[in-house]
Amino acid sequence: MIFKTKGIVLNFVKFRESSIIVKIYTEKFGLKTYIVNGVRSSKAKANKIAYYQPLSLLELVIYNRENRDINRISEVKIEIPYQHIPFDHKKNLMAIFITEVLTKAVKEEESNEDLFNFLRSSFMFFDQLQNDFENFHIQFLIKLTNFLGFAPHKPSELGNYPGASDIKDEAFFKVLEKLFYSQYDQFIETSGSFRTAMLEYITKFYQFHIEGFGEIKSLNIIKELH
C-alpha cells in the first residue's frame, strides 16, 4: 500500500552502480529502509542525492509492505530545507555523529510520534543556531535518553556503567549538571577537553544500556573537531 509520511534521514550506503539504500526514521512507521534507484547515475538530477543527506527532513510517499525489509519511495521532497547544517563544516560533522548514534540506538519499526517530534524539532533548532552550538550533540544525547527508556533522574546517574568511576572530578560534574538541565539555547561554556570526556562518558552509558550498540566510529572525528 502507498502512504504519505514525514521522515528524517539517518544515513545511506551506495548500492550497485547508481542506487542507494537509505535508512529513514518515519513519522508513521518508525525506522525504515528504502532502496532508491538512479540517484547516482550520470542522468540523475544533481540535487536528488541531496535529499538523503544526514538529518534531512522529508515529505515522502512510500510503499510499505510489512513483510519486506526494504521498501521503495514513490515521491520525495524536502519538507523544511536547512539553511546551515549542510554548509557548516562543524554542524555537518556533528550531524554525521548524531545519525550514527541514532542508527545504533533507534531500532523499532513502529510509530513513535513523541520521538519523531523531538528529533524533528531538535534538528530544526540546531540548524537555526548560528553561534554557541558546540554543546548541542551532548545536550541532544542526554535528552534522547528520555525516549529510549533509560533516562537518568539526575546527572550522577549518567555514571551507572562499569568503569565510570575512572573519570571525573567535581568540576566535571558541575558542568555536567548544567548541561543536564539546560535547553539548547542556553549557552554553557565548555572546553574541548571537557566535551571529549563528556562524549566518551555518555557513549559508554549508551553502550551499557543498549545491547549491541558497539563503537561510534565518528567519535574520533568529533574529538578532532573539539
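Every number in this text was worked out from the coordinates using simple rules, so none of it is lab data. None of the values given here were measured: they were computed from a predicted structure. Ideal geometry is used to build each Cβ from the backbone, glycine not excepted, and the neighbour counts take in all protein chains shown.
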TODO: Using only alpha carbon pairs under 8 Å that are at least six residues apart, calculate the relative contact order of the stretch 2-78 and give it in whole percent.
DONE: 33 percent
- [ ] Just name one of 128, 172, 194: the one whose Cα is farthest towards the positive end of the charge dipole of the chain (beta-carbon charges, Lys/Arg +1, Asp/Glu -1).
- [x] 128
Open item on the list: I need the shape label for the stretch 89-225. Rule: rounded when a/c is under 1.5, else prolate if a/b > b/c, else oblate, with a, b, c from the alpha carbon gyration tensor.
Closed with: rounded
TODO: Select from 144, 92, 158 the residue farthest towards the positive end of the dipole of the stretch 89-225; place +1 on Cβ of Lys and Arg, -1 on Cβ of Asp and Glu, and compute about the Cα centre.
DONE: 92
Open item on the list: Here is the link list: 14/107; 107/204; 23/154; 4/217. Which ones come out longer than 27 Å on Cα distance?
Closed with: 23/154; 4/217
TODO: About the Cα centre of the chain, how large is the charge dipole given +1 on each Lys and Arg Cβ and -1 on each Asp and Glu Cβ? Please answer in debye to the nearest 20.
DONE: 1020 debye
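Just to verify a number: FRET efficiency for residue 147 and residue 16, C-beta to C-beta distance, R0 = 30 Å, to 0.05? Show your work: numbers first, answer last.
Values: r = 35 Å, r/R0 = 1.17.
Once rounded, the FRET efficiency stands at 0.30.
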- [ ] Would you mind putting 19-27, 100-108 in packing order, based on average other-beta-carbon counts within 10 Å, highest first?
- [x] 19-27, 100-108
Task: Spacing of the two label points (7 Å from each Cα toward its C-beta) at residue 67 and residue 213, in nm - done: 3.7 nm
Task: Mean separation of Cα contacts under 8 Å (6+ apart) over length of the chain, as relative contact order % - done: 18 percent
Task: Cβ charges +1 (Lys, Arg) and -1 (Asp, Glu), total dipole of the stretch 176-219, debye - done: 80 debye
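Just how many % of Cα pairs in the stretch 2-78 lie over 18 Å apart, if you round to the nearest whole percent?
Of the Cα pairs, 32 percent sit more than 18 Å apart.
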Task: the chain: calculated mean residue ellipticity at 222 nm from DSSP helix runs of at least 4, using -39500 (n - 2.57) - done: -12000 deg cm²/dmol
Open item on the list: In the chain, if the dipole is taken from +1 on Lys/Arg beta carbons and -1 on Asp/Glu beta carbons about the Cα centre, which of 106, 182, 209 is farthest to the positive end?
Closed with: 106
Task: In nm, spacing of pseudo-spin labels at residue 83 and residue 183 (7 Å Cα→C-beta vector) - done: 1.9 nm
Task: Proximal aspartates and glutamates relative to residue 77, as straight alpha-carbon distance under 20 Å, when same-chain residues fewer than 8 apart are discounted - done: 27, 59, 127
